[in-house]
1. Scanning region 1-20 for residues that are out of contact with any Asp or Glu (no Cβ under 9 Å at 6 or more places or on another chain) and not in a loop (DSSP other than H, G, I, E, B), which turns out least open to solvent (accessible area, probe 1.4 Å)?
2. Within region 129-175, count every residue that is in a loop (DSSP other than H, G, I, E, B), open to solvent by less than 30 Å² (accessible area, probe 1.4 Å) and hydrophobic (A, V, I, L, M, F, W, C).
3. Could you please find all residues in region 187-237 being touching a Leu at 6+ places or on another chain (Cβ under 6 Å) and of a type in the set (S, T, N, Q)?
4. Quick check on region 198-211. Is at least one of its residues on the phi > 0 side of the Ramachandran plot and either in contact with an Asp or Glu (Cβ under 8 Å, 6 or more places away or on another chain) or open to solvent by less than 50 Å² (accessible area, probe 1.4 Å) (or both)?
5. Scanning region 402-420 for residues that are open to solvent by less than 60 Å² (accessible area, probe 1.4 Å) and farther than 18 Å from residue 447 by Cβ, which turns out modelled with the lowest pLDDT?
6. Name the one entry in 99, 62 that is touching a Phe, Trp or Tyr at 6+ places or on another chain (Cβ under 9 Å), modelled with pLDDT under 95 and acidic (Asp, Glu).
7. Look at residue 166 and say whether it is touching a His at 6+ places or on another chain (Cβ under 7 Å) and closer than 22 Å to residue 104 by Cα.
8. Within region 421-462, how many residues are of a type outside the set (Gly, Ala, Ser), surrounded by fewer than 15 Cβ atoms within 10 Å (Cβ to Cβ) and touching a residue at least 40 places away in the same chain (Cβ under 8 Å)?
Amino acid sequence: VELLPEGADPLDVRYNVIQWVHRSTRGWSYGSSVVDPRTGEILKGHVQLGSLRVRQDRMIVESLHPLFNASDRYGSCALEAGVEAAALAAFDPEAEPVEVALARIRQLSAHEVGHTLGFAHNFAASSYGRASVMDYPAPLARVREGGDLDLSEAYGVGVGDWDRLSVRYSYTDFPAGQDETEELTALLDEAIGRGWYFLSDADARPASAAQPIASLWDNGEDPVAMLRQVMAVRRVALDNFGEGNLPPGRPLSELQNVFVPLYLYHRYQVEAAAKVLGGVFYHYKVRGDALPEPEPVPAARQREALEALLETLQPSELTVPRRLALLLHPLAYGSFDRRELFASRVGPTFDPLAAAETAADTTLTFLLNAGRAGRCQQWHDYDSALPGFQEVLDRLLEATWMSPAPADTVEAATARVVQKVVLARLVELAGNDGASGDVRALASERLAGLADWLQEEEWEGVQAAHAAEAVREISAFLGRPHPSAEPPEALDAPPGSPIGQ
C-alpha cells in the first residue's frame with residue numbers, strides 16, 4: 001500500500017484504491033470492484049474504510065482496562081512482574097488502545113481487499129485458527145493467572161491459510177499439460193482433509209442459524225468454552241471498571257458509552273454458543289466430494305451449551321453494583337444522542353435494570369428462537385437422547401422463575417427483570433404463527449403451568465405484585481380470542497455490529 005500519486009483521481013481505473021472516509025457513524029466498510037460486464041474481469045478494486053471504526057475498536061479496549069489510572073492498570077501484578085518505577089512513570093495509556101485498533105484496521109483493510117478480489121465471507125474460518133481475514137474477528141482477551149487481562153493477541157497478523165487457498169484456487173495459471181479441473185479438485189480435497197471449511201452469510205447471520213462453527217465476531221473452535229472465557233473476561237473488567245476507563249478531562253457521563261461494549265461484551269459469543277443447541281453440522285457438499293454428511297450436535301454438547309447460556313441470565317452476572325450505577329452519570333450538557341447508550345425507564349439517570357433487561361433479551365432471543373426450538377424438538381423426535389424443546393423450557397424456568405430469589409434486593413430486582421423477559425419471549429413464541437405446532441403447544445403449556453405454580457406459592461411485597469402481574473399476563477394471553485398475539489414491546493439494544501464484540 002502506498003499513497004496515491006499527487007493529482008491522481010481515486011476513481012481512475014488504473015489505481016486500486018483504499019479510501020479513508022469520515023462519516024457520522026461507525027458504519028460498515030466496503031470492498032467493491034469495477035468489473036468488465038462483457039467478461040467478468042475485475043478491472044479495479046476500490047475499498048472504503050470508515051474512520052469511526054477505529055474509534056470504536058479503541059473504545060472496546062478502553063472498556064476492558066482502566067488504562068488512564070496507571071496504578072489500576074498494573075495493580076498487584078506490577079510487583080509480580082517487576083515493573084520498575086521508571087517504566088511505570090513512562091506508561092502511556094494511549095498505547096494499547098491505539099495498537100489494538102490499528103491491528104484491527106489492518107485486518108479490516110485486508111478483508112475489504114479480499115472482497116475486491118471476489119472473495120466472500122467465510123464465517124467458519126475462526127473455528128480452525130485465525131484462518132481468514134474474510135471472517136469477522138472478535139478481540140481475543142484472556143484472564144492472566146494474576147487476574148489481569150491480556151490483549152497481546154487481540155487480533156491476528158496477516159492473511160490466513162484459507163485466504164491463501166482461495167487465491168490459489170481462484171488465480172492460479174496452471175502450466176500446459178495439467179488438467180485444471182483435476183488440479184482445482186485437488187485443492188478442494190486438500191482443504192477438506194485439513195478441516196478447512198467454508199460457510200458464509202446465509203448460514204451465520206440469521207438468529208435461527210444451525211451450524212455451530214459459523215458465527216460473526218466469535219473466537220475459537222469451541223463456542224461454549226469461549227463463551228465461558230468471554231464471561232470471565234467480562235467479570236474481571238466489570239470489577240475494575242471506573243473513572244480510569246476514561247481519559248482525564250472528559251465528561252464522566254461518557255463512561256456510559258464505554259460501559260455498553262463491556263456490559264454486552266458477551267453478546268456475539270452468546271449467539272455462537274446458541275447455535276450448538278439444536279445445532280446441525282453441515283456443509284456445502286457436492287455429490288462425490290469428501291465433505292462430511294450432516295449430523296446433529298451430540299446431546300452432551302447441546303446440554304453444555306444450554307447451561308452456559310442459562311449462566312448468562314443469572315442475577316450475579318447481570319446486576320450492576322451500586323458504585324457503577326452512581327458512577328455512570330447522566331448526560332452532560334451538550335450530549336443529546338442516546339443512540340449508543342442503554343435505554344432508561346427512570347428518566348435521565350442510568351437504569352441498571354434496563355441494561356440487565358437488554359442483556360437478558362439478547363440471550364433469550366437466540367435461546368427461544370422459533371427455528372431453534374423447532375429443531376430441538378424435531379431431532380429429539382428422531383433421537384430421544386437429544387434435548388427436546390420441553391427440556392429446554394424446563395431448565396429455563398428452573399433457572400429463572402423457579403430459582404430462589406436472591407437475598408440481595410438489587411439482585412432480586414434483576415432476577416425479576418430477567419423473569420419478565422422470559423415471560424415476554426415465551427408469550428411471543430407461543431403466539432408465533434411461524435413456529436411449529438409442537439413448539440407453540442409446549443410454550444403455551446409451560447406458561448399455564450407457570451401460572452398455576454405462581455398461584456400456589458406464597459409471596460410477599462414486590463414479589464407478590466410481580467407474581468400476580470405475571471399470572472394476569474399469562475391468563476390474558478391464554479384466554480385470547482385469536483391464536484396469535486402481538487409480541488410485547490422490547491427495549492432496543494444499543495447498536496452492535498460493526499463493533500466486533
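The values are calculated or read from the model by the stated rules, or taken from the named source; none is laboratory data. Keep in mind that this is a model prediction, so the values were computed, not measured. FYI the Cβ positions are ideal-geometry reconstructions off the backbone, even for glycines, and counts take in every protein chain you see. Protein only, heavy atoms only, side chains kept; ligands, DNA and RNA dropped before computing areas. Shrake-Rupley method; radii C 1.70, N 1.55, O 1.52, S 1.80 Å.
1. Going through the qualifying residues, I end up with 17.
2. Going through region 129-175 one residue at a time, the tally reaches 8.
3. Matches in region 187-237: 211, 219.
4. Start the filter on region 198-211 by keeping residues that are on the phi > 0 side of the Ramachandran plot, which leaves none.
Within region 198-211, none of the residues are on the phi > 0 side of the Ramachandran plot and either in contact with an Asp or Glu (Cβ under 8 Å, 6 or more places away or on another chain) or open to solvent by less than 50 Å² (accessible area, probe 1.4 Å) (or both).
5. It comes out as 406.
6. Answer to the check: 62.
7. Working: touching a His at 6+ places or on another chain (Cβ under 7 Å): no; closer than 22 Å to residue 104 by Cα: yes.
Taking the combined requirement at face value, the residue does not satisfy it.
8. Residues of region 421-462 of a type outside the set (Gly, Ala, Ser): 421-423, 425-429, 432-433, 438-440, 442, 445-447, 450, 452-460, 462.
From what is left, the residues that are surrounded by fewer than 15 Cβ atoms within 10 Å (Cβ to Cβ) are 433, 445, 452-453, 455-460, 462.
Subsequent filtering for residues that are touching a residue at least 40 places away in the same chain (Cβ under 8 Å) retains 433, 453, 462.
Total meeting the criteria: 3.
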